[in-house]
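Only one structure is covered here, and it is reproduced in the block below.
Every number here is computed from the coordinates shown, using simple stated rules; none is lab data. Small disclaimer: the values here were computed from a predicted structure and weren't measured. Note that each Cβ is placed from the backbone with ideal geometry, even for glycine, and that neighbours are counted across all protein chains shown.
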Amino acid sequence: MLFLDLDGTLLDDERRHYAVYTDVLQDPEMRGVPIPSAEYWGLRKENKPIEEILKRSRLFPTKYQAYRDRFDAKLEAPEMLGLDSLKVGVENSLGKLYTKTPIVLVTQRRDGEALESQLSSMGIRKYFVTVLAGAPKRERRPNPDARWKHKVALIRTRYRLPPTQAVYIGDTETDVKTARDLGFEVFLVEGGHRKRDLQIKADPDRLVPDMPGALKYLLPGGRWQR
């Protein structure tokens, strides 16, 4: 069985995140100053706290919570989801894989209806036997374990006895921790939400350049034969 992360792994969502960031900061009540996209994503991929990004954006600390709330509210709006695109080779890779093994999508999206609509409009919903979605509640103090533990909970709730032979493909340390807790083999795809050095530090079983790069370990003489 194959478990896949969505944002940063299958989808390029950089335009959406940056658009929401700038939209919220430029609200008259926020009055922040957006930093350039390259700087914003450089910090995001270094896994810097949002407070550092907001400080560089000249936002008063008293407005940080309002920013988080508005960012979350806008992030999955239809007009923002329309900015996402499939990464190169993803649809072809899914087409080759779904005839060989069940594929489960695991994502921390909050709006299930908007998610289903996006997957259908992109033509990839048909490849997943199940879509597991949901995000942990925001806590006053950041909890570094909340995201991976929530992903584990999504999978364990659906599969009370998780498969013993499974591969999990994602793009961050969250995905590695999720897979390790479940006893799955884990691949990380480059070019997502983390820089390569942080991906290496996360210690996945394999680091691949993209989804097509993962196929050679899964199909030709790999886990799932052609």
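Overall form of the stretch 14-81: oblate. Here a/c, set by the Cα gyration tensor axes a ≥ b ≥ c, is 1.5 or more, and a/b is not larger than b/c. Measuring between alpha carbons in the structure, the pairs from Lys63/Lys201; Lys55/Lys87; Lys96/Lys151; Lys45/Lys149; Lys74/Lys96 lying more than 29 angstrom apart are Lys63/Lys201; Lys55/Lys87; Lys74/Lys96. Rounded to the nearest whole Hz, the Karplus-based 3J(HN,Hα) values (6.51 cos²θ - 1.76 cosθ + 1.60, θ = phi - 60°) of the stretch 8-18 follow the sequence x, 9, 9, 10, 8, 10, 5, 4, 5, 4, 5, with x at glycine and proline. A protection proxy built from the mean count of other Cβ atoms within 10 Å ranks the segments 196-204, 156-164, 17-25, most packed first, as 17-25, 196-204, 156-164. When the charge dipole of the chain is built from unit charges on Cβ atoms (+1 for Lys and Arg, -1 for Asp and Glu) and taken about the Cα centre, the candidate among Thr172, Leu86, Gly32 whose Cα reaches farthest toward its positive end is Thr172. Between Arg158 and Ala77, the FRET efficiency from the beta-carbon distance, with R0 = 30 Å, is close to 0.65.
Amide H contacts under 5 Å for Glu190: Val208, Asp210, restricted to partners 5 or more places along the chain or on a different chain, H placed in the peptide plane at 1.01 Å from N.
Kindly identify the stretch 1-145 as rounded, prolate or oblate by the Cα gyration tensor criterion: order the square roots of the eigenvalues as a ≥ b ≥ c, call it rounded if a/c is under 1.5, otherwise compare a/b with b/c, prolate if a/b is larger, else oblate. In terms of gyration-tensor shape, prolate. Enter the Cα centre distance for the pair the stretch 131-168 and the stretch 35-89, rounded to the nearest angstrom. Taking the Cα centre of each part, the stretch 131-168 and the stretch 35-89 sit 22 Å apart. Cross-link partners of Lys137 among aspartates and glutamates, defined as those whose alpha carbon lies under 14 angstrom from its own and excluding same-chain residues fewer than eight positions apart: Asp69, Asp72, Asp111, Asp145. In this structure, the amide hydrogen of Tyr168, modeled 1.01 Å from its nitrogen in the peptide plane, lies closer than 5 angstrom to those of Phe3, Glu185, Val186, Phe187, counting only residues at least 5 positions away or on a different chain. Between Asp69 and Asp145, the simple spin-label model (points 7 angstrom out along Cα→Cβ) gives 2.9 nm. Here the chain is assigned +1 on the Cβ of each Lys and Arg and -1 on the Cβ of each Asp and Glu. Its dipole about the Cα centre then comes out at about 520 debye.
Sorted on the mean count of surrounding Cβ atoms within 10 Å across their residues, most packed first, peptides 3-16, 81-94 read 3-16, 81-94. Debye sum, Cα scatterers, the stretch 76-226, no solvent: what log₁₀ I/I(0) at q = 0.15, 0.21 1/Å? Log10 of I(q)/I(0), two decimals: -0.86, -1.74.
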